Amino acid sequence: MAPTVPAPLDGKKRRIGVMTSGGDAPGMNGAVRAVVRMAIHNNCEAFAIYEGYDGLVKGGDMIKEMHWEDVRGFLSEGGTLIGTARCMEFMQREGRRTAAKNLIIKGIDAIIICGGDGSLTGADRFRDEWPSLLEELIQRKELTKEQVDPFRHLNIVGLVGSIDNDLSMTDATIGCYTSLARICEAIDSVDTTAVSHQRAFVIEVMGRHCGWLALSAGVATGADFVFTPENPPHPGWEQEMLKQIKKQRDLGKRKTIVVVAEGAIDRNLKKITCEQVKDVLANEGKLDTRITTLGHVQRGGTPSAYDRMLATLQGAEAVRAVLEATPETPSPVICVQENKIVRRSLLEAVAQTKEVSVAIENKDFERAMQLRDTEFAEQYQAYHITTAANLPELLLPEEKRMRVGIIHVGAPAGGMNAATRAAVAYCIARGHTPVALHNGFPGIIRHHSDEPVGAVRDIKWVDAETWASKGGSEIGTNRGLPSEDLETCAFVFKKYNIQSLFVVGGFEAFTAVSELRKAREHYKSFKIPMVIVPATISNNVPGTEYSIGSDTCLNALIQYSDACRQSASASRRRVFVIETQGGESGYIATVAGLSIGALAVYTPEDGINLKMLDRDIDHLASVFRKDQGISRSGKVILVNEKASKTYSVQMIAQMIAEAGKGKFESRHGVPGHFQQGTTPSPMDRCRAVRFATKAMQHMEQFIGQDPDEIDDDPMSISVVGIKGSKLLFSPMEQVEKKETEWHRRRPKHEFWMALKETVDTLSGRPQAPKNP
Ligand code: ATP
């Protein structure tokens, strides 16, 4: 007898299954949470398919309806709470036929699969075969035609969950940045002992077919040599590696770190092992060498802020893709390109990924590199140029070399030092002279009036070499602007023959460079190329959607919020009202809200009013009512420091406590400077290196031009940044005039405003009224 099959839901409503498959990756739970809640928000029903394809093949209780509360707390959990497995039965047609039957029995006609390329290949095959699988089920009398008819079309959407970051067409996979964070923590720890004993360490990291983890770890930690599958070293690599390491040791470096991807090979496809590398370093290089294999710690644990955000935004987008799909829509995979969530063809993404392996097998390494995303190739280039001190082929002829002023402006932000280190290494590789302008503009102004000596100094490679992972600002930073004394600034530029300016900082840096631009007509020494590398935790620099330091800040904030929430689970129902930094920009509050699942986020853009508070307190009460007996976890409300002049976090916390009438209580917290973070996040470090390298290359274009020619070119003063899916330079004058809300110290268009709705939707918050 055929089993009962539920009727399809009315109209556009769907029953959507979500599963995690293949190797687990941090952030998968965030994706499940987003899919479940977004589906429910759109009046659909959500089902979790437990243990990957195994659950699909087994059916029954392995496919369970999920309710809003079922995914509470998922965001901060590592691994996957709905389980994953490698399923051999699904590789067989019979297994897929049974899976099809199980889906129909549950009335599900759309599935969202979070996994690696294997899982997505399986998904695509399943959709491809779906019509014929249904025919077989009818022929075999397992289901009737009437039962099958409403489910003729299966929609599949892929989410890429993998620590390896190995899928083509996406810059990042869910989990890869958390894994990278674990790797960098380990290398940073090994670093200190390496320096103490002047040792060499060979670190093996995961990545059978993809070198992203190895390369990014190399960039973020300033490793000496990196081995990856896509870009194997040339024959004679042993001597090349030794030569490079010797050169750096001669310059005063006390440690050597070599990162080897699990799948590292040479150009003849022969595996390069850690033992082999160690033997070369120990026997020929005479270095005291150790091997550290990181193993499963790289699977991640608690997801990083970025992975939580990516998983949440992509999970929500996957549900949108299901709802917009027609029977003809090809299966999409949700990707990210720079800063933009995009849909790409699942089939093409999988095919392109497989092509990488084929290219490697055919020893076509150039092709293998092309098939990876642009960030990967640029990262390689940046790594190469910032590691290879004094390679003759990189050196520019004498007449093309510049003296590059490097200055930090504003508050410290994670990654400022990494950017500076990369700029210094780049300069030295090309023959330029990097010159530190210490302690910002006031530093050089005071220097001239003869107070502290040494505010302008050439930087040696070995001085900057250890800065890759350091927080704060090694050359000193200051909020002061050149307008304090433009005359002296111009004089100092002239005196030290500063021929281009590399400025690292936030809105103050932007303001400072704007002043220099305007002063060009009076001071010839400002008619030099200048680039701002945006670095501020507030992420409010016009001309870019991403500033170095903002990711470090988000990670610090989620750590703080997770700790608060955890403390509540041990006590009672408690609401934490946490004040975030961010100045007049609600970016940090909003994205942290997305990453921790905040109940409400208050930003300066929307302000705070009584009605808003009233609604949110009502909402809180209803959440706690529904929650009874289920969990004792705390709730978090994030309030930007400038969201309101009237309602402080303390006052909001008191209002909540008052309304809680003993049923729930509240506390306020101000993490303050904790938000600047300690060690910069790998994302900030890697992007710092990328921005710095690009900025230097950009400034090199002006070599040989006379000052007036430089002045005439709007691109000679610009901001490097990410806008949408592109990394680009924006001319300062245009950004100042068209893109800047000066009095609020933020860009006019804030791309992240659209994310607020997702924060509210996923926390079930009623639509907040705006300030009149
Ligand atoms: P990771 O990147 O962590 O390895 P993955 O998704 O690539 O993740 P796989 O083990 O390759 O992991 O695939 C997971 C599951 O997907 C397999 O166990 C199998 O059930 C299914 N699958 C993979 N490839 C296919 C295929 N060609 N046809 C059908 N099912 C497949």
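The values are calculated or read from the model by the stated rules, or taken from the named source; none is laboratory data. Not measured: the values here are computed from a predicted model. When we count neighbours, we look across all protein chains shown, and the Cβ atoms used for this are built from the backbone with ideal geometry, even at glycine. We work out accessible area using only protein heavy atoms, side chains counted, and drop any ligands, DNA or RNA first. Shrake-Rupley method; radii C 1.70, N 1.55, O 1.52, S 1.80 Å.
Between LYS663 and ARG615, the FRET efficiency from the beta-carbon distance, with R0 = 25 Å, is close to 0.90. Rolling a 1.4 Å probe across the protein heavy atoms gives the chain an accessible surface of 38 Å² per residue. A simple spin-label model places pseudo-atoms 7 Å from Cα toward Cβ; at ASN283 and GLN566 they are separated by 4.7 nm.
Summarising the amide proton neighbourhood of THR292: residues at separation of 5 or more, or on other chains, whose placed amide H is nearer than 5 Å comprise VAL202, ILE203, GLU204.
Taking GluC sites (Glu not before Pro) across the stretch 441-548, the ones in a DSSP loop with at most 13 further Cβ atoms lying within 10 angstrom of their Cβ are GLU521. Step through the table entries LYS635/LYS663; LYS340/LYS723; LYS663/LYS756, compare each Cα-Cα distance with 18 Å, and write down the pairs that go over it. Going by Cα-Cα distance, LYS663/LYS756 fall outside the 18 Å limit.
Extending 7 Å from Cα along the Cβ direction at GLU378 and again at TRP742 yields two label points whose distance is 3.0 nm. Taking each residue as 0.36 nm, the span from THR678 to ASP250 lengthens on full extension beyond its C-alpha to C-alpha distance by 151.0 nm.
Bridging of LYS524 to aspartates and glutamates at a Cα separation below 15 Å is possible for GLU487, GLU515, ASP706, ASP708, GLU709, ASP711, ASP712, ASP713, once same-chain residues fewer than 8 apart are set aside. Mean separation of Cα pairs under 8 Å and 6 or more residues apart, divided by the residue count, gives the stretch 226-334 a relative contact order of 22 percent. At full extension, PHE751 and ASP708 could sit 11.9 nm farther apart than now, given 0.36 nm per residue minus the alpha carbon distance. In order along the stretch 104-111, the Karplus-derived 3J(HN,Hα) couplings, from 6.51 cos²θ - 1.76 cosθ + 1.60 at θ = phi - 60°, round to 5, 4, 8, x, 8, 10, 8, 10 Hz, and Gly and Pro are given as x. Between ASP149 and SER725, the FRET efficiency estimated from the beta carbon spacing at R0 = 41 angstrom works out to 0.50.
Checking every one of the trypsin sites (Lys or Arg not before Pro) in the stretch 571-602 against DSSP loop status and a limit of 16 other Cβ atoms within 10 Å picks out ARG572. With the gyration tensor restricted to C-alpha atoms of the stretch 74-177, the semi-axes of the equivalent ellipsoid amount to 30, 14, 12 Å, longest first. The calculated FRET efficiency for SER483 paired with ASP128, based on their beta-carbon distance and R0 = 51 Å, is about 0.20. Modelled spin-label separation between THR193 and ILE138, with each label point placed 7 Å from Cα along the Cα-to-Cβ direction: 6.6 nm.
Residues whose amide H falls under 5 Å from that of VAL533, counting only those 5 or more places apart or on a different chain, are VAL503, VAL504, GLY505, with hydrogens built in the peptide plane.
For the cross-link pairs LYS101/LYS141; LYS494/LYS694; LYS255/LYS694; LYS278/LYS470; LYS611/LYS748, which exceed 20 Å when the distance is taken from alpha carbon to alpha carbon? In this structure, LYS494/LYS694; LYS255/LYS694; LYS278/LYS470; LYS611/LYS748 lie more than 20 Å apart at Cα. Shape class of the stretch 25-110 from the Cα gyration tensor (axes a ≥ b ≥ c, square roots of the eigenvalues): oblate, since a/c reaches 1.5 or more and a/b does not exceed b/c. Placing HIS619, HIS384, HIS749 in order of accessible area, with the largest value first and a 1.4 Å probe, yields HIS749, HIS384, HIS619. At a 1.4 Å probe radius, carbon and sulfur cover how many percent of the accessible area of the chain? So the carbon and sulfur contribution to the accessible surface is 49 percent.
In the chain, the C-alpha radius of gyration followed by the widest Cα-Cα span (Dmax) gives 27.5, 95 angstrom.
Under the criterion of Cα pairs below 8 Å and six or more residues apart, the relative contact order for the chain equals 12 percent. Multiplying the residue separation of ILE291 and GLN92 by 0.36 nm and removing their Cα-Cα distance gives an extension gain of 67.5 nm.
Counting only heavy atoms of the protein chains and using a 1.4 Å probe, LEU481 has close to 40 Å² of accessible surface.
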